[in-house]
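Please read the structure below before turning to the comments.
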Amino acid sequence: MKRLSERQYRRQIGVTMTLYVTAMLVVWPLAKAAPGLWEKVALTLVPALPMLYVIGLLAYKIASSDELEQRTHLVALGVATAVTGSLSLVGGLLATSGAIRLDGTVLIWVFPLIMFSYGATHWWVVTRRYGGSMDCDETSSWSLPLYFLLVAALLGVATLFAWWRGHMDGFSLGVMLGTQASFVGFAAWTAWRRWRRRRVAGDVVGP
């Protein structure tokens, strides 16, 4: 099985996320106005197709990795499952008892929560336990910071569009803005780490 380089993986993820945001902006608004049930279902599921591709791409990357990489991915997926399952259980109990009010729209946050938990845990396992680096692919140069900035920009476009159409309340707006700020912070942090690593390497190699 041919392995995907980190650069290829990030490029495909970036293209897929662009398609997802485009589908949410162009196709998703049409779903509410669709006259028939099957038309509504078809239009509603269009944005899910890029995310299903992301899941398949992640599965392919794990399957084509060596045993150590597979271990780090599986640990990260296990933690992400535990975090998402625990929050879902607590939220379900609180909603059932009437302590908080939740509607079906909260389900749209399940997948982003899994991916965020997975990414953070995988970074921690790779960099802290095994001494690796998430941005160790030197051929990709500044691809990781740019990747984080691209995600923040896509989220910003989606947030602006949803706010302009009146589909976003104050809480959702705050969550989206906080998420975008987090990705911008990740971009700055990874760029600083790479600059610092190269500076230290230059000092060691230099006279």
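For region 35-85, the Kirkwood radius over C-alpha pairs fed into Stokes-Einstein at 37 °C and 0.692 mPa s yields D = 249 µm² per second. Coupling constants for region 91-101 follow from the phi torsions by the Karplus curve (6.51 cos²θ - 1.76 cosθ + 1.60, θ = phi - 60°), and in residue order they are x, x, 5, 5, 5, 5, 6, x, 5, 9, 10 Hz; glycine and proline get x. Normalised by the number of residues in region 1-97, the average gap of Cα pairs under 8 Å and 6 or more apart makes the relative contact order 28 percent. Solvent exposure of region 47-95, expressed per residue, is 55 Å² of accessible area, with all protein chains present and a 1.4 angstrom probe. The charge dipole of region 1-121, taken about its Cα centre with unit charges on the Cβ atoms of Lys, Arg (+1), Asp and Glu (-1) only, comes to about 240 debye.
Please say if region 1-131 is rounded, prolate or oblate, where rounded means a/c under 1.5 for a ≥ b ≥ c the square roots of the C-alpha gyration tensor eigenvalues, and otherwise the choice is prolate for a/b larger than b/c and oblate otherwise?
Values: a/c = 2.89, a/b = 1.30, b/c = 2.22.
Since a/c reaches 1.5 but b/c is at least a/b, the shape of region 1-131 is classed as oblate.
Pick out, from Thr84, Leu25, Leu68, the residue whose Cα sits farthest towards the positive end of the charge dipole of region 24-95, with +1 on the Cβ of Lys and Arg and -1 on the Cβ of Asp and Glu. Of the listed residues, the answer is Leu25.
The values are calculated or read from the model by the stated rules, or taken from the named source; none is laboratory data. Predicted model only: the values in this text are computed from it and were never measured. Reconstructed Cβ throughout: ideal geometry from the backbone, glycine too, with neighbour counts over all protein chains shown. What goes into the accessible areas is simple: the full protein's heavy atoms, side chains included, and nothing from ligands, DNA or RNA. Shrake-Rupley method; radii C 1.70, N 1.55, O 1.52, S 1.80 Å.
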